[in-house]
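See below for the structure under consideration.
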Amino acid sequence: MEAAEPQGQEADVPLSLRLFGHLAVQRGSKAFDLPPSRKVRALLGYLAVAPRPVSRSRLSDLLGDLPNDPRGELRWCLSKLRGIVDEPGRRRVLSREDLVWLDLSDCTVDALRIEAAMGPASHDLALEQLREVCDLFSGDFLEGLDLGRSPQLDHWLGMQRRRYRNCQESLLNRLIERLPEDPAALRPYAERWAQLSPLEEEAQFLLLKTLLASGQRREAEEHFAAVVRLFQAQDLESESLTQRWRDLRRGQRQTKAAPVQFELDHPGRSDRLQLAIPPPEAIPDPTRRASLAVMPFAHSALGEATRRLAQGLTHDIIVRLAKLRSMFVIARGSVFGLAEQGLSPAEAAERLGVDYFTSGLLTQSGDRLEVTVELVETRSGHILWSEEFDLKQEQTFLLLEEIGERIVAALANQVEAAERNRAILKAPSSLNAWEAYHCGLWHMYRFTQKDNQKAHDYFRQAVETDPTFARAYAGLSFTHWQNAFQRWADPKRESNLAYKMAGHSVMVDEHDPAAHLAMGRALWLLSRPEDAVIELERSVALSPNLALGHYALSFVQSQAGDPLAAIASSDHSRSLSPFDPLLFGMLGTRAIAHMRLGQFEEAAQWSLRAAARPNAHILILAIAAYCLALTGREEEGRAFTAVVRQTLPNFRVEDFLSRFRFAPDAEALFREGAKRLDFER
């Protein structure tokens with residue numbers, strides 16, 4: 001139905017149909033209010049681009065999920081369609097016998113204009129005409145119009161969208177070839193090409209060059225870092241793009257007065273852009289990350305099965321590390337290619353220019369398979385970590401699962417520790433984003449109010465240096481989480497800030513498991529445990545090797561969820577990271593879970609192990625005190641309460657309970673423990 005009936009000359013204005021983006025119909029300046037029926041809108045889109053009349057049976061099948069009278073349903077949809085496109089004295093919905101079609105000969109349809117531009121006369125289009133056609137792509141074809149219950153329609157939509165994306169890329173390439181030597185004119189179309197084909201190296205490199213040519217060096221740096229992360233997440237090689245980017249930057253730094261020249265490297269274009277960008281004395285790299293190459297595991301020459309197992313383990317480790325998104329991981333093709341050239345792991349690592357490399361060996365002895373793996377710092381050659389695994393031959397499936405998980409978690413933790421130790425020795429003013437982030441981690445894991453503030457400052461420095469650094473936002477979220485949980489600042493305000501920073505982290509990189517971990521913690525603070533579990537499960541789904549993700553699940557489940565699931569998550573987090581800075585929390589959540597199960601002796605033992613950790617805070621000591629009291633060991637419990645009150649003289653059970661989100665059964669047990677210790681007031 002029309003929003004307003006056209007009057008006067010407006011009645012003679014042909015219809016305009018927009019099929020890209022959300023479907024829209026307009027006559028002159030009057031827009032139509034389309035009916036809410038998705039079937040009617042789908043029918044309009046289908047008939048608008050159909051090259052020939054369509055049978056009624058085909059249309060009935062296309063709409064899907066029709067009642068017992070599919071022809072009657074189709075007639076209803078066509079009647080609604082006539083109310084949209086027909087005009088007094090001019091019928092556009094036409095039919096003959098079993099066939100239906102639209103007469104849009106005097107109408108403007110964006111999709112049909114694009115079809116014409118792709119035809120034989122397309123090369124005769126003037127530059128402005130080509131630009132206008134490219135600008136018709138205002139969104140996806142019939143965006144948001146999937147019916148969900150019509151496989152035939154979804155299949156057709158998928159085919160059309162793929163075809164029109166190819167059309168758009170072809171038209172953009174043609175336009176870019178003909179645009180003048182002006183970075184400002186090139187940039188919007190370079191951005192669209194990169195958005196349309198994010199995994200196309202030429203598209204990304206063209207955008208990087210136009211950003212630099214426009215004088216937007218910071219944006220170019222940020223975009224390069226984001227592209228490399230994208231390529232790695234898709235297990236694609238980024239070395240070629242990285243080298244071209246380095247060459248481009250090197251050319252900038254080497255030229256002070258003369259303009260920098262570079263070719264656009266675009267098919268059909270041989271001209272050059274002239275850049276006159278005086279480079280600074282030194283350009284820091286704010287987006288640097290630690291880089292790691294996993295070299296193909298060597299193997300004994302005892303058969304094809306062992307060789308395939310070695311290759312499979314190497315591939316599995318590369319994929320799992322890439323999912324952590326905490327460092328740059330060299331793609332599989334590069335490391336296997338260098339190995340085939342006969343280079344040693346150390347030589348290959350130097351060739352790749354990585355900070356660290358890992359290598360391994362599989363050997364077979366009788367019915368047993370042994371795996372040896374080590375992590376090496378490339379520059380110094382120092383072995384940072386090594387481990388040996390021994391398993392029976394029939395357990396080879398576990399090699400790619402349990403052993404692979406342990407190797408990946410150990411590599412990630414060791415690299416993070418090495419980067420942390422290196423960063424903390426540098427002057428704060430000289431830190432890049434990566435180094436500032438690791439300085440923040442060093443202070444964060446000390447779990448004091450003073451160090452938490454220092455961690456916050458370093459994380460803030462990291463995101464100011466590199467706004468695309470999702471983990472730095474996650475770190476900021478955790479410092480606010482600590483402020484709220486420990487009551488070092490206003491809990492409500494800090495909870496909201498924890499949620500806000502987690503939101504920034506997810507927005508920057510929704511595939512980073514640490515971002516969803518931060519969001520899960522923040523949602524728990526906001527008393528939304530069900531939503532928290534969803535985010536935390538998303539975190540471990542993105543990276544099953546993220547120990548802190550499993551710990552956070554244990555933390556939430558131990559208080560008000562499934563205590564058996566909490567125990568399993570606690571154990572898994574510790575198996576992935578047995579020396580984690582948050583080990584006291586992993587042990588403490590298991591103690592709470594045992595308490596809720598009525599297993600007080602087990603709860604006491606696990607709480608004592610948690611309290612023995614050197615960085616355990618007073619809430620862990622309070623858990624130990626309550627668990628000991630429930631086993632009848634009040635004197636031992638009072639020793640812990642005395643330590644707690646040395647730090648917080650007025651601390652009582654209400655202060656403890658207010659920090660958590662305990663189910664009623666758990667809260668009653670802690671109150672009973674406090675009563676036995678005279679720790680209620």
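Every number in this text was worked out from the coordinates using simple rules, so none of it is lab data. Only a predicted model underlies this, so the values are computations on that prediction, with no experimental measurement involved. All Cβ positions, glycine included, derive from the backbone under ideal geometry; neighbour counts span all protein chains shown.
First select every other residue whose beta carbon is under 11 angstrom from the beta carbon of Gly21; then total the charges, Lys and Arg +1, Asp and Glu -1.
Value of the local net charge: -2.
Looking at the chain only, what percent of DSSP beta bridges run antiparallel? Nearest 5 please.
Just about 80 percent of them are antiparallel.
If you add up the charges near Leu94, with Lys and Arg at +1 and Asp and Glu at -1, over every other residue whose beta carbon is less than 12 angstrom from its beta carbon, what do you get?
Residues close to Leu94 contribute a combined charge of +2.
Taking the Cα centre of the stretch 553-674 as origin and charging only Cβ (+1 Lys, Arg; -1 Asp, Glu), how large is the dipole, in debye to the nearest 20?
For this selection, approximately 280 debye.
Return the tail of the calculated pair distribution for the stretch 564-681, meaning the percent of Cα-Cα pairs more than 23 Å apart.
22 percent
Can you tell me the 0 to 90 degree angle between the C-alpha axis of helix 304-324 and the longest principal axis of the chain, rounded to 10?
Orientation of helix 304-324: about 90 degrees from the principal axis.
Neighbouring Cβ atoms within 10 Å as the yardstick, rank His382, His617 fewest first.
His382, His617
For the stretch 564-681, what does the relative contact order come out to in percent, with C-alpha contacts under 8 Å and a separation of six or more?
So the answer I get is 21 percent.
By counting other Cβ atoms within 10 Å of each Cβ, how are Arg58, Arg460, Arg52 ranked from fewest to most?
Listing Arg58, Arg460, Arg52 from fewest to most nearby Cβ atoms yields Arg52, Arg58, Arg460.
Order of 183-196, 581-594 by packing, highest average Cβ count within 10 Å first?
Ranked by mean Cβ neighbours within 10 Å, highest first: 581-594, 183-196.
For the stretch 451-530 and the stretch 333-367, what is the separation of their Cα centres, given in Å?
Using only Cα atoms to place each centre, the spacing works out to 37 Å.
Applying the Karplus parametrisation 6.51 cos²θ - 1.76 cosθ + 1.60 with θ = phi - 60° to the phi angles of the stretch 205-215, what ³J(HN,Hα) value in whole Hz is obtained for each residue in order, glycine and proline being reported as x?
Running phi through 6.51 cos²θ - 1.76 cosθ + 1.60 with θ = phi - 60° gives 5, 4, 5, 4, 5, 5, 5, 5, 5, 7, x Hz.
Round to the nearest 10 and give me the degree value, 0 to 90, for the angle of helix 470-485's Cα axis relative to the longest principal axis of the chain.
50 degrees
Leaving out same-chain residues fewer than 8 places away, which lysines sit with a Cα under 22 Å from that of Lys80?
Straight-line reach from Lys80, under 22 Å: Lys30, Lys39.
With an 8 Å cut-off on Cα pairs and a minimum separation of 6 or more residues, tell me the relative contact order of the chain in percent.
6 percent
If you count, for each residue, the other Cβ atoms within 10 Å and average over each peptide, how do 404-416, 481-493 line up from highest to lowest?
404-416, 481-493
Relative contact order of the stretch 181-254: what whole-number percent is it, with Cα pairs under 8 angstrom and at least 6 residues apart?
For the stretch 181-254, the relative contact order is 24 percent.
Per DSSP helix of 4 or more residues, -39500 (n - 2.57); summed, then divided by the residues of the chain. What does that give at 222 nm, rounded to the nearest 500?
-18500 deg cm²/dmol
Highest mean first, what order results for 157-165, 667-675 on Cβ atoms within 10 Å?
In descending order of packing, they fall as 667-675, 157-165.
What's the local net charge at Leu669, with K and R +1, D and E -1, over the other residues with C-beta under 13 Å away?
Here the count lands on +1.
Which links in Lys426/Lys492; Lys323/Lys492; Lys454/Lys492; Lys426/Lys454 stretch past 24 Å when you go from one Cα to the other?
Lys426/Lys492; Lys323/Lys492
Mind sorting out which of (i) 1.01; (ii) 1.10; (iii) 1.06 is the real Rg/Rh (Cα atoms, Kirkwood Rh) computed from the coordinates?
It is the value labelled (iii).
Considering the options Thr306, Phe651, Leu153, tell which one lies farthest towards the positive end of the dipole of the chain, charges being +1 on Lys and Arg and -1 on Asp and Glu at the Cβ, about the Cα centre.
Value computed over the given set: Phe651.
On a 0 to 90 degree scale, rounded to 10, what angle separates helix 513-525 from the longest Cα axis of the chain?
70 degrees
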